[in-house]
Amino acid sequence: MTVRYADVTPGTEIPGKSYRATRLDLVKYCGASGDFNVIHWNERLARSVGLPGVIAHGMYTMAQAGKFVTEWAGDPGAVLEFGVRFSGMVPVPDDDQGATIEVSGTVTEKLGDNKVAVDIVARSGGTKVLTRSRAVVRLP
């Protein structure tokens, strides 16, 4: 179902979705992004610098929030602006489950020209991992 501008109002909640992050996902992201910082794949070295273990790339976490918005809008080209501030880490355990990133959103205002502002919330392990997360989306 396509979300339409006429069907949303400020306060419209976007149903949350969960995204997994496994060690394999992080290794793939290292290759795709070119960011091979050891804290994203080596447990021993991540702990040696004071981290709880391997953590997901901040940009990987942001990408899951971006995926959430584009899935809701139904068209990646509909997302006109997107920004976040990183506020927490996503530790990724070395198991088959990995970590879960839970993303939800709320339409905060209608901007005209079929554009809406969406505030996004991303949490992992009960901790908010992105703040000031906002997208501007043009809806049909």
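Taking the longest Cα principal axis of the chain as reference, the axis of helix 58-73 is set at about 30 degrees.
Remark: relative contact order (the stretch 13-140) = 29 percent; criterion is Cα-Cα distance under 8 angstrom and separation of 6 or more residues.
Helical runs assigned H by DSSP (4 residues or longer) give the chain a calculated mean residue ellipticity at 222 nm of -7000 deg cm²/dmol, each run adding -39500 (n - 2.57) before division by the residue total. Rounded to the nearest 10 degrees, the inclination of helix 23-33 to the longest alpha-carbon principal axis of the chain is 70 degrees. Distance from the C-alpha centroid of the stretch 70-140 to that of the stretch 1-35: 6 Å, rounded to the whole angstrom.
Note on the chain: antiparallel DSSP beta bridges, both residues inside, total approximately 100 percent of the bridges counted.
Just so you know, the Cα atoms of the stretch 78-136 work out to an Rg and Dmax of 14.0, 47 Å.
Explain nothing, just the number: dipole magnitude of the chain about its Cα centre with +1 on each Lys and Arg Cβ and -1 on each Asp and Glu Cβ, in debye rounded to the nearest 20. If you can, show how the numbers build up before the last one.
Working: 16 positive and 15 negative charges, 48 e Å.
The calculation lands at about 240 debye.
In the list (1) 12, 43, 34, 10, 1; (2) 12, 40, 28, 15, 4, 0; (3) 12, 37, 26, 14, 8, 2, the label attached to P(r) over Cα pairs in 10 Å bins from 0, in percent as derived from the coordinates here is (2). Sparse packing (at most 15 other Cβ atoms within 10 Å of the Cβ) combined with a DSSP loop state is found for the following chymotrypsin sites (Phe, Trp or Tyr not before Pro) in the stretch 35-140: F36.
Every read-out reported here was derived from the displayed coordinates using simple, explicitly stated rules and does not represent laboratory data. All values derive from a computational prediction rather than experimental measurement. With ideal geometry, Cβ positions are generated from the backbone for all residues, glycine too; neighbour counts draw on all protein chains shown.
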